[in-house]
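Input: a single structure, listed below in structure tokens.
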Amino acid sequence: MKKVLVVEDDSNISDLIQIHLKDLGYEIQVQNNGKKGFEEAQKNQFDLIILDIMLPEMDGIAICQRLRALDNYTPILMITAKSEEIDKVIGLESGADDYITKPFKIREFIARVKAIIRRQDQFALLVEKDVGSLRFSSLEIDEKKRKVILDQKRVELTPKEFDLLMLLARNPGRSYSRGELLELIWGYDFSGYEHTVNAHINRLRSKVEKDPNSPTYILTTWGVGYRFNDEL
């Protein structure tokens, strides 16, 4: 049974979410306070955290950032009344896996939840099949520990930066379009936000490349997108 933590201070919304997720067979815990929600996420293991941004005592962005800083990579679906693009980008940059704005249609919400759970299950199977490290010259990537070592020094990556690097490195030589990367890393069609991929790739290169302007690992396939160097 999948366990889901819902951190939402609007009882009407949390009750609606609880009813529909229970219909899917999920076990639900609800917290209406940001600080208590953060503590619950630390104490217990969940398959998904549904997180409102505007919360008493601790907001959803802070909760997401602190969980990721503690190496807690439980998938997070953020919910907020805000709809501006900058708020969406901030939510995703904080380590959230997906983002939906109020008011939302319950069918879309359920589809998002199922997509996140499905992707998490697929990732778990991949980890079970390959728990070792990938090595490319002076770059080492440990998928199990989500750790990257460059020239014997640890490189700090955000969750999405690591996911991008891991996807490319597991498939060296394969070119991915920006649209494909949005689908695979963010879990659904995020059409119109291809610049998010560009921003992540640029930051990733700044961290793992000796010369980001002449990259060794993450290469550009002109007219297509990006690939990992298969000649190392």
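The values are calculated or read from the model by the stated rules, or taken from the named source; none is laboratory data. What you see is a predicted model; the values in this text were computed from it and never measured. A quick note on method: Cβ atoms are made from the backbone with ideal geometry, for glycine too, and the neighbour counts reach across all protein chains shown. Protein only, heavy atoms only, side chains kept; ligands, DNA and RNA dropped before computing areas. Shrake-Rupley method; radii C 1.70, N 1.55, O 1.52, S 1.80 Å.
Quick notes
- Per the conditions (1) open to solvent by less than 70 Å² (accessible area, probe 1.4 Å); (2) out of contact with any Ser or Thr (no Cβ under 6 Å at 6 or more places or on another chain); (3) under 17 Å from Gly95 (Cα atoms), the sole criterion not satisfied by Ile49 is (2).
- Lone qualifier among Ile13, Ile17, Ile63, Ile28 - being among the aliphatic types (A, V, I, L, M), under 18 Å from the mean Cα position of the chain (by Cα) and surrounded by 15 or more Cβ atoms within 10 Å (Cβ to Cβ): Ile63
- Criterion violated by Ser83 - all others in (1) at pLDDT below 90; (2) open to solvent by 70 Å² or more (accessible area, probe 1.4 Å); (3) out of contact with any Ser or Thr (no Cβ under 9 Å at 6 or more places or on another chain) satisfied: (3)
- Residue check for Val155: touching a helix residue (DSSP H, G or I) at 6+ places or on another chain (Cβ under 7 Å), modelled with pLDDT under 90 and crowded, with 18+ Cβ neighbours inside 10 Å: no
- Out of Gly173, Gly187, Gly179, sole residue that is surrounded by fewer than 17 Cβ atoms within 10 Å (Cβ to Cβ) and at pLDDT below 90: Gly179
- So Lys144, is it assigned to a loop (DSSP other than H, G, I, E, B), under 18 Å from the mean Cα position of the chain (by Cα) and more than 19 Å from Gly223 (Cα to Cα): yes
- Pairs where the first residue, in the range 92-119, is in contact (Cβ under 8 Å) with a residue 12 or more places away in the chain and the second is of a type in the set (S, T, N, Q) and open to solvent by 50 Å² or more (accessible area, probe 1.4 Å), C-beta under 6 Å, 6+ apart: Ser94/Gln65; Thr101/Ser83
- Tally of residues being in contact (Cβ under 8 Å) with a residue 12 or more places away in the chain, in contact with a helix residue (DSSP H, G or I) (Cβ under 9 Å, 6 or more places away or on another chain) and not in a loop (DSSP other than H, G, I, E, B) across the range 202-225: 6
- The range 148-170 residues that are in contact (Cβ under 8 Å) with a residue 12 or more places away in the chain, paired with ones that are part of a loop (DSSP other than H, G, I, E, B) and of a type in the set (Asp, Glu) (beta carbon under 7 Å, 6 or more apart): Met166/Glu143
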